[in-house]
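J.: Next up is a structure, given as structure tokens.
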Amino acid sequence: MKRLAALVLALVALLPAPLLADSARKMPLSYNVATFGGPGRDYTTLQAWEDATDNDLVAAGKGEVLLCYPDSAAYAQRVTISGAVTNASYFRVIRAAPGFERQVVLDYNGVLGSYDGTVLVTNENHVGLYDLSIRHHISTSASVNTKDIFIQGNTAGACRVVGCRLGPSVNTGSDMASAGQVYGDGRLVVADSVVAAYPEGYGIIQNNGQLYVLSSVFYGVNQTALYSQAATSIAVNCVLQGNGANFYGAAWLITTCKTDGTVSFVNAAAGDFHLSDTDASAKDHGTDLSSDAIFPFSDDMDGDLRPQGAAWDIGADEWKPGTAGMVTIPLF
Amino acid sequence: MKNATKISAPAVLVFCLATAFSGQARADCFDCLVRAADEPASVAAPSRALAGDLVACMPQGWVFGQKETAPEYAVVRICNLSGEDARFLTAPAKDSEGALTAPHRFALDLGDPAVSGGTPVDGQTAAVCIDRVDSSRKTAAEAALAARPVEDPSALTPGGGQ
């Protein structure tokens, strides 16, 4: 038996590395874990965790991961992420705990300033936000430019929004409530995510820095879904449907995105952006990003491997026959 | 209870709806998580949180987490404040270009008896909030007003208001 086990181990060691696909949810090489949620968790406030992990993660050789559970009483929360020393190996991640993908809702109820968001990342690199629902809602009239996510100054490493649901935006009286903004040389990767139901504002705005949008859905954005003012932005495998406009700016590099309204979802009106069984527009029409130079990955918003068919699907979901839909979050 | 004035259920409903949608601030109490000690000196400015910093303000009775406790944190109750005002108390401090200057704009003066005395802080009258922007002392209500974003019509374009 020992010889057999040794032989198996030797064979496994010889197998090529790509057998394990890259997840879009990049994790630190080593990390500490804390929990967020209701009573009994480590933290009930995002900002206290952020403060507690404002450390030199590189020197410590440990990243910091906050696992979020949807057992907190609903209340407005926002967080400013800034100050930890990070690199591509050791960084901070806020993600849903396994089994609770997109069920943890970070929702700020109030007016935010122009440089702010429910999640504000300023001058910190490589921050990961995975499998969360992030939104804000406003109930007072205010001419302010407010967002779910605001990214600025992370010049040495992009922040990553993966498997997230941005929106719906609930705003009464404010003319511009948008999903995200990249400003001040910020860097942002959005992958396997859904940006939906912004009845007043924009999807994601890029003033400068870099915006890299992969395998995501932009649906029901009143103004422009992807707005780029400055440097080249990249969109691959995205579905843009039911928006006031899809793209703004001449600098977009667009590859295999669907903008003709033909993609069929399971139930977009109810927030389910899985590809329907009958869809023929997005299935197997995407670009393989598993060897992408900037952000290689091989899974979808549910963590399912891509591709399932002959080629990658377009959008956040890789269609699999006979699988249950993702958790549906009512639009309003 | 026999002599209590009878109020019909529809009347209660109307009152509740009117209150909820009136847009008027509702005075309440909030349990605010306050840093009891400075973050280590190894944390570089402007991200370093200091003792007294208001980290989060949650509804009265909030059960904080296992790591939101002493010696790093204290909980101070601030009353006579609207929910919206309570949220503004935990805003970060930024300069006019939007760059972060401190992780928390407001701090409570932990040495002030109005804070350390064990009784709730009156958000309208007790000037115990230190504004990190100009080091002035403010009541919680004044601090919230100072942190409220300025309405700016130019913000209504994607690059505007910046």
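The values are calculated or read from the model by the stated rules, or taken from the named source; none is laboratory data. Owing to the predicted nature of the structure, the values given are computational and were not obtained by experimental measurement. Cβ coordinates were reconstructed from backbone atoms using ideal geometry, including for glycine residues, and neighbour counts include every protein chain displayed.
J.: Sort out which residues of the range B:88-107 are more than 21 Å from residue B:141 (Cβ to Cβ) and hydroxyl-bearing (Ser, Thr, Tyr), and write them in order of number.
T.: B:96, B:101
J.: Now a separate question. If we keep just the residues of the range A:1-41 that are within 14 Å of chain B (Cβ to nearest Cβ) and in a loop (DSSP other than H, G, I, E, B), which is modelled with the lowest pLDDT?
T.: Applying the filter and picking the extreme gives A:39.
J.: Working only within the range B:54-82, note down all residues that are in contact (Cβ under 8 Å) with a residue 60 or more places away in the chain and either within 10 Å of chain A (Cβ to nearest Cβ) or of a type in the set (Val, Ile, Thr) (or both).
T.: Within the range B:54-82, B:54, B:78 meet the criteria.
J.: Look at the range B:30-81 and say how many of its residues are of a type in the set (A, V, I, L, M) and outside any loop (DSSP other than H, G, I, E, B). Can you show your working first?
T.: Our first condition is that a residue be of a type in the set (A, V, I, L, M); within the range B:30-81, this holds for B:33-34, B:36-37, B:41, B:43-45, B:49-51, B:54-56, B:58, B:63, B:70, B:74-76, B:78, B:81.
Remaining after also requiring outside any loop (DSSP other than H, G, I, E, B): B:33-34, B:54-56, B:58, B:74-76, B:78, B:81.
Here the count works out to 11.
J.: Take the conditions at negative phi and either touching a Leu at 6+ places or on another chain (Cβ under 6 Å) or crowded, with 23+ Cβ neighbours inside 10 Å (or both) and apply them to residue A:83. Does it pass?
T.: In short, no.
J.: State the number of residues belonging to the range A:42-63 that are within 8 Å of chain B (Cβ to nearest Cβ), surrounded by fewer than 22 Cβ atoms within 10 Å (Cβ to Cβ) and part of a loop (DSSP other than H, G, I, E, B).
T.: Qualifying residue count, the range A:42-63: 2.
J.: Right, next: I want to confirm something. Restricting to the range A:183-221 and keeping residues that are charged (D, E, K, R) and within 19 Å of residue A:271 (Cβ to Cβ), which single residue is modelled with the highest pLDDT?
T.: So the residue we want is A:192.
J.: Which of the residues belonging to the range B:83-123 are crowded, with 20+ Cβ neighbours inside 10 Å, away from chain A (no Cβ under 11 Å) and assigned to a strand (DSSP E or B)?
T.: Of everything in the range B:83-123, those that are crowded, with 20+ Cβ neighbours inside 10 Å, away from chain A (no Cβ under 11 Å) and assigned to a strand (DSSP E or B) turn out to be B:106, B:107, B:108, B:121.
J.: Of all residues in the range A:252-272, which are part of a loop (DSSP other than H, G, I, E, B) and not small (Gly, Ala, Ser)?
T.: A:256, A:257, A:259, A:260, A:262, A:263
J.: Do you know which residues across the range A:44-77 are more than 19 Å from residue B:48 (Cα to Cα), under 23 Å from the mean Cα position of the chain (by Cα) and of a type outside the set (A, V, I, L, M, F, W, C)?
T.: At the first step, the residues of the range A:44-77 found to be more than 19 Å from residue B:48 (Cα to Cα) are A:44, A:61-62, A:65-77.
With under 23 Å from the mean Cα position of the chain (by Cα) added as a condition, the list becomes A:44, A:62, A:65-72, A:74-77.
Correct list: A:44, A:62, A:69, A:70, A:71, A:72, A:75, A:77.
J.: Shifting gears a bit: Yes or no: residue B:25 of a type outside the set (S, T, N, Q), surrounded by fewer than 20 Cβ atoms within 10 Å (Cβ to Cβ), part of a loop (DSSP other than H, G, I, E, B) and modelled with pLDDT under 95?
T.: Spelling it out, residue B:25 is indeed of a type outside the set (S, T, N, Q), surrounded by fewer than 20 Cβ atoms within 10 Å (Cβ to Cβ), part of a loop (DSSP other than H, G, I, E, B) and modelled with pLDDT under 95.
J.: Also, quick follow-up: Working carefully through the options A:87, A:123, find the one that is more than 8 Å from every other protein chain (Cβ to nearest Cβ) and modelled with pLDDT of 85 or more.
T.: Criteria check complete, one pass: A:87.
J.: Now for a different question. Which condition from (1) within 11 Å of chain B (Cβ to nearest Cβ); (2) surrounded by fewer than 23 Cβ atoms within 10 Å (Cβ to Cβ); (3) among the hydrophobic types (A, V, I, L, M, F, W, C); (4) in a loop (DSSP other than H, G, I, E, B) is the one that residue A:112 breaks?
T.: For residue A:112, the exception is condition (2).
J.: Identify all residues within the range A:40-80 that are of a type in the set (D, E, K, R), without any contact (Cβ under 8 Å) to a residue 24 or more places away in the chain and out of contact with any helix residue (DSSP H, G or I) (no Cβ under 9 Å at 6 or more places or on another chain); write none if there are none.
T.: A:51
J.: Right, next: I need the full set of residues from the range A:86-104 which are in contact with a strand residue (DSSP E or B) (Cβ under 9 Å, 6 or more places away or on another chain) and surrounded by fewer than 18 Cβ atoms within 10 Å (Cβ to Cβ), in order please.
T.: Let us first name the residues in the range A:86-104 that are in contact with a strand residue (DSSP E or B) (Cβ under 9 Å, 6 or more places away or on another chain), namely A:86, A:89-98, A:100-104.
A:89, A:98 - these are the residues of the range A:86-104 that are in contact with a strand residue (DSSP E or B) (Cβ under 9 Å, 6 or more places away or on another chain) and surrounded by fewer than 18 Cβ atoms within 10 Å (Cβ to Cβ).
J.: Moving on. Among what's in the range B:32-45 and is at the interface with chain A (Cβ under 8 Å from one of its Cβ atoms) and touching a Ser or Thr at 6+ places or on another chain (Cβ under 9 Å), pick the residue that is surrounded by the fewest Cβ atoms within 10 Å (Cβ to Cβ).
T.: Step by step, filter the range B:32-45, then rank; the result is B:39.
J.: Take the range A:90-109 and flag every residue that is within 19 Å of residue A:181 (Cα to Cα) and either of a type in the set (Phe, Trp, Tyr) or at the interface with chain B (Cβ under 8 Å from one of its Cβ atoms) (or both).
T.: A:108, A:109
J.: Any residue that is free of Cβ contacts under 8 Å to residues at least 60 places away in the same chain, over 20 Å from residue A:252 (Cα atoms) and in a loop (DSSP other than H, G, I, E, B) - is there at least one of those in the range A:225-233?
T.: no
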